[in-house]
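The values are calculated or read from the model by the stated rules, or taken from the named source; none is laboratory data. Note that the structure is a prediction, hence the values are computed from the model and not measured. Counting neighbours? That spans all protein chains shown, and the Cβs are built from the backbone with ideal geometry, glycine included. Keep in mind that these areas ignore ligands, DNA and RNA; they rest on the heavy atoms of the full protein, side chains included. Shrake-Rupley method; radii C 1.70, N 1.55, O 1.52, S 1.80 Å.
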Amino acid sequence: EAAVTQSPRNKVTVTGGNVTLSCRQTNSHNYMYWYRQDTGHGLRLIHYSYGAGNLQIGDVPDGYKATRTTQEDFFLLLELASPSQTSLYFCASRGANERLFFGHGTKLSVL
Amino acid sequence: GMPVEQNPPALSLYEGADSGLRCNFSTTMKSVQWFQQNHRGRLITLFYLAQGTKENGRLKSTFNSKERYSTLHIKDAQLEDSGTYFCAAEGNNNNRIFFGDGTQLVVKP
């Protein structure tokens, strides 16, 4: 089973804080995705990437940056966290014409 | 409209009942994946289809790209089937994955 590892699993920060969420996949997948999940909205795409150095904008990118430093690593950056960014964040990866593999999720609370 | 419309938003079944969930797509999709999200928030893949029908135990899923829909059928519902079910479809042109808003399923004894 392909592995996608997110860290941290839980994070609490204050308004205006700087947060980095990490995602690593060891599947040699090209595509990686960051989603947020809020009650009543399902999963919404923040940013995604086709490969190292590539970044694509998703549906809800405001307030987020992302960086794909290597094939394996995709980071989500909140430079000035706000309470509206309190959410459950999922990272996923996949190869071409393959299914998505998800991490366990990161629960972020912005106070 | 939304790329993926999932119905129903909520569903309540008694143990042993059969039922179905459906996702309609606003455009032609390449593939569809169905997930169950458990009480811990974990997303568990149930099916991945590029076409046709797959079965796994009490679950069966169909994907018809031309008619722009996918279904998930649950047979003989059990308490452990409770959770939120999502479909996710891959667009034809841009490798994006579009999610439905989910179906909250409660199976009652």
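Numerical summary
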item	result
Chain A - percent relative contact order, Cα under 8 Å, separation 6 or more	36
Segment B:4-108 - accessible surface per residue (Å², probe 1.4 Å)	49
Ordering of B:57-65, A:100-108 by packing [mean C-beta count within 10 Å, highest first]	A:100-108, B:57-65
Per-residue HN-Hα couplings for segment A:84-99 [Karplus 6.51, -1.76, 1.60; θ = phi - 60°; Hz; x = Gly/Pro]	5, 8, 5, 5, 9, 10, 10, 10, 9, 9, 6, x, 4, 6, 10, 7
Average partner coverage of A:41-49, which counts Cβ from other chains inside 10 Å	4
Average beta-carbon neighbours from other chains, 10 Å sphere, peptide B:35-47	3
Inter-chain shielding of B:95-104 (mean C-beta neighbours from other protein chains, 10 Å cut-off)	5
Table column - 3J(HN,Hα) (Hz), segment B:14-31, Karplus curve with 6.51, -1.76, 1.60, x for Gly and Pro	8, 3, x, 7, 10, 6, x, 10, 9, 10, 9, 10, 7, 8, 5, 10, 7, 7
Segment A:24-81, relative contact order in percent, only Cα pairs under 8 angstrom and at least six apart counted	29
For segment A:84-110, residues shielded by at least 50 square angstrom of accessible area compared with the chain on its own, probe 1.4 Å	A:94, A:97, A:99, A:100, A:102, A:104
For chain A: rounded, prolate or oblate by the Cα gyration tensor [a/c cutoff 1.5]	prolate
Segment A:4-110 - percent of accessible surface contributed by carbon and sulfur, probe 1.4 Å	49
Listed pairs B:30/B:66; A:65/A:107; B:30/B:54; A:107/B:108; A:11/A:65; B:54/B:108 exceeding 20 Å between Cα atoms	A:107/B:108; B:54/B:108
Protection proxy ranking, peptides B:80-88, A:7-15, average beta carbon neighbours within 10 Å, highest first	B:80-88, A:7-15
From phi via Karplus (6.51, -1.76, 1.60), per-residue ³J(HN,Hα) for segment A:42-55 in Hz, x at Gly/Pro	x, 9, 10, 7, 9, 9, 8, 8, 8, x, 3, x, 9, 9
Cα centroid separation - segment A:6-37 against segment B:1-60, whole Å	26
